[in-house]
Amino acid sequence: RHDYRVLESYRYLFGVAAVVLLLLPSVPGLGERVNGVRLWVDIGPLQFQPGELAKIGLILFLAGYLREKREVLAQGRLKDFGPLLLIWGGAMLVLVQTNDLGSALLNFGIFLAMLYVATGRALFVALGLALFLGGAAVLYNAISHVQDRVTIWLQPWTEGPVYCSLTGELALRQDCASYQLVKSLYSIANGGWAGTGLGQGTFTSIDGSQLIPYLRTDFIFSAIAQELGLIGAAALLLVFMLFVVRGMRVSLQADDGFSKLLAAGLTFGFALQVFIIVGGVLRVVPLTGITLPFVSYGGSSLCVGLIAVGILLNVGRQAAPAPAT
């Protein structure tokens, strides 16, 4: 019912608010560390992930700023990159400090995509990818958490026992650090072509313990692939692809630069998030702890996803041609 374009006037406020939201889990007594990553904030009975909401704030800031400065940015004037890099760099530093590398990768990808849409300069994307590779190499050497994720990705199975950081003893890697990923791959393989059937998947052992930890969140795609098989998993991905196609169509139909960038940023963020989590579960890329949109259990992710859909619907309604009289 309201014109979303008024949000452009508050672009800097959204940018600062996004960085503040990302900082909240690091506040002593407020943030909660889960599996070595600070993502959650507890305020009384309320528990949520501020990073999910920060993603919307960053996209709104980028859409507003890039719409205003896209011509001078396309010319490569360095001074106009200042506020852009300040907000984005602050967000990246916070994400790295909290070990939320999945969200850092997601926001970095959104940043590059929106920069390319705004300027049309592939050189900026190439420079961004080069910076990403350099930063990834630095983080790999500096943060043990990153080293563990890459090792699990490249060598989830070992024939002999290796040091297990979880227990401090020697064990096969598939029984320790890569336990979740390996069990997830077995679950997908068990689904075959048509799957075991809804509710017929095997996710607990005889004693009732979970075979795949975090099945409802990080590894929900493994459960879908087992119960619905390759056909059902592919159908889900096709639905995601349809969502992306419609979102990009909304971006193309929008009349003003802010609307185009906003719709493109929200849609690309959705697509990249699906790729990162599904790719991690399928061992295409290192596994990161982000959610599968609209599927993984979690109120923060679902609410923010619905906010993004609401904005896209609003952009699409404003961009839709008037009916013929």
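The values are calculated or read from the model by the stated rules, or taken from the named source; none is laboratory data. For clarity, every value in this text was computed on a predicted model and none was experimentally measured. All Cβ positions, even for glycine, are placed from backbone atoms using ideal geometry, and neighbour counts span all protein chains on display. All accessible areas refer to the heavy atoms of the entire protein, side chains included, with ligands and DNA or RNA removed. Shrake-Rupley method; radii C 1.70, N 1.55, O 1.52, S 1.80 Å.
Things to note:
- Degrees between helix 11-23 axis and first principal axis of the chain (Cα, 0 to 90, nearest 10): 20
- Here's the picture: charge each Lys and Arg Cβ at +1 and each Asp and Glu Cβ at -1 in the chain, and of GLN200, LEU272, GLY128 the one pushed furthest to the positive end of that dipole is GLY128.
- Each helix, a run of at least 4 DSSP H residues, gives -39500 (n - 2.57); summed and divided by the residues of the chain, these come to -21000 deg cm²/dmol at 222 nm.
- Carbon/sulfur fraction of accessible area - region 210-285, other protein chains in place, 1.4 Å, %: 72
- The residue list GLY247, TRP157, GLN174 was ranked by how far each Cα lies along the charge dipole of the chain toward its positive end, using unit charges on Cβ atoms, and GLY247 comes out on top.
- Net charge of the neighbourhood of ILE307, taken over other residues with C-beta under 14 Å away and scored Lys/Arg +1, Asp/Glu -1, is 0.
- By the Cβ distance rule (another cysteine Cβ under 4.7 Å), the unpaired cysteines of the chain are CYS303.
- Comparing Cα centroids, region 252-325 and region 136-162 end up 31 angstrom apart.
- For the peptides 255-266, 52-63, 166-177, residues were scored by their other Cβ atoms within 10 Å and the scores averaged per peptide; the highest-first order is 52-63, 255-266, 166-177.
- Structure remark: mean-square fluctuation, Gaussian network model of the chain, C-alpha springs under 10 Å; the largest value among PRO161, PRO45, PRO286 belongs to PRO45.
- Over the chain, accessible surface divided per residue gives 52 Å², non-protein components excluded, 1.4 Å probe.
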